[in-house]
Amino acid sequence: MHSVEKQPKPFRSAPRCGAKTRSGSPCMSPAVSGKARCRMHGGAKGSGAPKGQSNGSFKHGLWTAEAAQLRRECRLVLELSRESLKGAR
């Protein structure tokens with residue numbers, strides 16, 4: 001890491017990110033202008049998950065009432081067919 005004194009003055013006076021690093025110390029990178037975090041900790045444009053359906057925030061239909069009813073009916077048919085096979089032996 002570079003010494004702070006070797007950095008240009010505007011860089012030294014910029015607000016710091018402050019996010020906690022893996023070592024537990026605060027990140028000393030400059031925050032992105034208008035943001036509270038540096039580009040590595042979520043201050044960059046486009047950082048974060050996409051909104052809505054492009055992030056998987058939608059229903060898939062597996063647990064709808066219709067799907068649950070269909071599974072119950074299939075289970076019943078399977079049970080009845082197994083019982084009929086037992087009786088045929």
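A count restricted to the stretch 24-48 and to residues that are more than 28 Å from residue 9 (Cβ to Cβ) and open to solvent by less than 60 Å² (accessible area, probe 1.4 Å) stands at 1.
If you go through the stretch 40-89 and pick out every residue that is part of a helix (DSSP H, G or I) and among the hydroxyl-bearing types (Ser, Thr, Tyr), you end up with 3. Figure legend. Inter-residue proximity from the stretch 28-57: first residues under 9 Å from residue 17 (Cα atoms) and without any contact (Cβ under 8 Å) to a residue 40 or more places away in the chain, second residues open to solvent by 90 Å² or more (accessible area, probe 1.4 Å) and part of a helix (DSSP H, G or I), beta-carbon distance below 6 Å, spacing 6+ or different chains. Indicated pairs: 32/39. Count of the stretch 1-22 residues, restricted to those that are open to solvent by 100 Å² or more (accessible area, probe 1.4 Å) and either modelled with pLDDT of 90 or more or under 13 Å from residue 41 (Cβ atoms) (or both), is 2.
Name the residue, out of 62, 76, that is modelled with pLDDT of 90 or more, open to solvent by 80 Å² or more (accessible area, probe 1.4 Å) and over 21 Å from residue 10 (Cα atoms).
The conditions single out 76.
The values are calculated or read from the model by the stated rules, or taken from the named source; none is laboratory data. None of the values given here were measured: they were computed from a predicted structure. Cβ atoms come from the backbone with ideal geometry, glycine included; neighbour counts cover every protein chain shown. The area values use the complete protein model at the heavy-atom level, side chains included, leaving out ligands, DNA and RNA. Shrake-Rupley method; radii C 1.70, N 1.55, O 1.52, S 1.80 Å.
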